[in-house]
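Heads up, the thing below is written out as structure tokens.
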Amino acid sequence: MRCVIANYAFDLTANEVKEAMSGVKPEPITGPSVRIGRRTYPAMQVGAVITRQDRRDFTAGEVVRAMKRLGFTCDLAPAPAPEAAPLDPVAAAAAALGSPEDS
């Protein structure tokens, strides 16, 4: 399928993308991501690998749009980290001061 990334047309197939990304270790996800096989890659990393261009030459949106057309699952933002349950004021003070056994 013809996809335009960074104003260049690329003829890509899902198998070619899977093959290009095999053996590539995913970087930490901080923005849009693409699920390829059992791994989730940052969209910018996928774009850099499949186009062999500098990451400044294209946007994550271009990569996500192309990968969706090829049938890959894409997420626009990383899953938020679960927040810790807030402590009541007494428990927070006790945690800050430590217990008598710590002395």
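Every read-out reported here was derived from the displayed coordinates using simple, explicitly stated rules and does not represent laboratory data. Not measured: the values here are computed from a predicted model. Note: ideal-geometry Cβ built from the backbone for every residue, glycine included; neighbour counts use all protein chains shown.
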Divide by every residue of the chain the summed helix terms, -39500 (n - 2.57) for each DSSP H run of at least 4, and state the resulting mean residue ellipticity at 222 nm, rounded to the nearest 500 deg cm²/dmol.
-> -10000 deg cm²/dmol
Say R0 is 41 Å: what FRET efficiency, to the nearest 0.05, do A20 and A94 get from their beta-carbon distance?
-> 0.15
Hey, can you rank 62-75, 1-14 by average C-beta count inside 10 Å, highest first?
-> 62-75, 1-14
Stretchable slack from T59 to M1, in nm (0.36 nm times residue separation minus alpha-carbon distance) = 19.0 nm
Counting Lys +1, Arg +1, Asp -1, Glu -1, what net charge surrounds E62 among other residues with beta carbon under 12 Å of its beta carbon?
-> +3
In the set (1) 15.8, 54; (2) 21.1, 68; (3) 13.2, 43, which value of Rg and Dmax of the Cα atoms in Å was calculated from the structure you see?
-> (2)
